[in-house]
Each structure stands twice: as C-alpha cells, then as structure tokens.
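The values are calculated or read from the model by the stated rules, or taken from the named source; none is laboratory data. Since the structure is predicted, the reported quantities are computational estimates derived from the model, not experimental observations. Cβ placement follows ideal geometry from the backbone for every residue including glycine, while neighbour counts extend to all protein chains displayed. Only protein heavy atoms, including side chains, enter the accessible area calculation; ligands, DNA and RNA are left aside. Shrake-Rupley method; radii C 1.70, N 1.55, O 1.52, S 1.80 Å.
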Amino acid sequence: MIYTGERVIPELMNPLNGLLLEHIARYQFAIDYAGGRILDIACGAGYGSQLIAKAKHKELTEVIAVDSEMEAIKYAKHRYYHPKVTFLQENALNPLLSQKLGTFDAIISFETLEHLEDEQQFMDSLYEMLKPGGMLILSTPFGLGRGKPCGSPFHLHQLSWDEFHSLFERYSEQSFYYQRGVLIEPKRNDIHYPIGIAVCRK
C-alpha cells in the first residue's frame, strides 16, 4: 500500500509525524467510549480499529471497520488483524448501510465529513445505526463552510463552527471537544482549534 495524501499508515511514517500523532490521539480519546459492538467508519489503514480492540478487548463484542477503498481494507486485514475486528469495504453514503451493518453501541468516524459533498445522508445513517443510548464520536477540521474553498486539496470543503455543531441537535446529550496537535480538551476562548470532536449520546 502506497502512502499518498492524507492516508495515515504508521509503519511508513516517521513516528513523530504530526498528522500521525493527531490521528492516534483521536483514537486514544475514543477508547473511553468504546464497549459492546463498535463501528469505525472510514477506518483507513485500520490501525485505529486495532488500537481500540486491543485496549478494550474485554468490553467489546466486535469492531466493524469500514472504508470505501478496497486497497485500504486489504492492507488492514493483513497488517492490523485482530480477532474482534472485521474489515469491510463499504460506501459511507450508501443509504442501505444500516441494513447491511446493523446497529452499534458506539460509532467512531474521524476526518470523514470534509470528504462528503452532502453529509446529511451520512449523518442520518449514523443515527439510524446507533442503538438507543449509543455514543457517536466524530471529528472534522473547521473551515469556511459548506461549498467554500479550503486549504486542503483532499477536502471538498470544511464545515464552519456553527455548521459542525448543528449536525448533532437531535442527540439527547452533546459534548464538544477541540484538538490542537495532540491536545484534546474542552474549548478555551483564547485558543484557536483547527479540529472539532463531537461526543453525543442518542
């Protein structure tokens, strides 16, 4: 598997690479919310799915790890095998996704929204796949908003602060955290955070 663009492949990267450390920090953050049946959607090379499975193997029944690229799934199966992780190729915007995958106690989706032209179908599927009381942990970088140019050639756009927060209004509980480098914390008014993380209970 060749490292291109934003694809994070730990063994092909300098262990001090900032992008790598930021991604690992998000999965470490998600560990506390993992239990039961977990979905990791847009799992990429699969290292995060394995990380979660290893850390919470006693509390997990299984992790379903999904990515749209078959090359990534093949790599994940070979490099990041874990007996409680199943890697599958699926389109995150498939309206039948919930019928194919079932329901989950927690759903993790990091750095996905910025690649989607219209995220509503995706958000509807996530909500439908969460069990009552289930937890969603989702992150995305902030930018100028839907349909507006952003600094990354790999992103269709980046949601504004308000657009991001409005996606989670239907959830019974909402908490928001913000990432700057490897630091993830509640918002401090004097800090600019490039990435938002939502933790929401259905």
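What's the local net charge at VAL85, with K and R +1, D and E -1, over the other residues with C-beta under 11 Å away?
Values: positive: LYS54, LYS77, LYS84; negative: ASP40, GLU62.
Neighbour charge sum, excluding VAL85 itself: +1.
Using the 1.4 Å probe convention, the accessible area of segment 1-155 works out to 46 Å² per residue with neighbouring protein chains retained. The listed residues LYS187, LYS74 rank as LYS74, LYS187 when sorted by accessible area, largest first, using a 1.4 Å probe.
Surface composition of segment 1-80: carbon plus sulfur atoms hold 54% of the accessible area, using a 1.4 angstrom probe and ignoring ligands, DNA and RNA.
Is the shape of the chain best called rounded, prolate or oblate, per the rule: a/c under 1.5 gives rounded, else a/b larger than b/c gives prolate, else oblate, with a ≥ b ≥ c the square roots of the Cα gyration tensor eigenvalues?
Details: a/c = 1.32, a/b = 1.12, b/c = 1.18.
It comes out rounded by the Cα gyration axes.
Just to be sure I understand: with springs between alpha-carbon atoms less than 10 Å apart, which residue in VAL182, VAL66, VAL85 has the highest mean-square fluctuation in the Gaussian network model of the chain? Between VAL182, VAL66, VAL85, it is VAL182 that shows the largest mean-square fluctuation. Residues whose amide H comes within less than 5 Å of that of LEU60, counting only those at least five positions distant or on another chain, are GLY36 (H built at 1.01 Å from N in the peptide plane).
Put simply, the Cα atoms of segment 67-183 extend 40, 35, 32 Å along their principal axes, the longest span coming first.
Checking every one of the GluC sites (Glu not before Pro) in segment 133-202 against DSSP loop status and a limit of 14 other Cβ atoms within 10 Å picks out GLU169. Tally up the carbon and sulfur contribution to the accessible surface of segment 132-202 as a whole percent, 1.4 Å probe, everything protein left in place. Carbon plus sulfur share of accessible area: 53 percent. Pairs from the list LYS54/LYS202; LYS54/LYS77; LYS100/LYS131 with a Cα-Cα gap above 20 Å: LYS54/LYS202.
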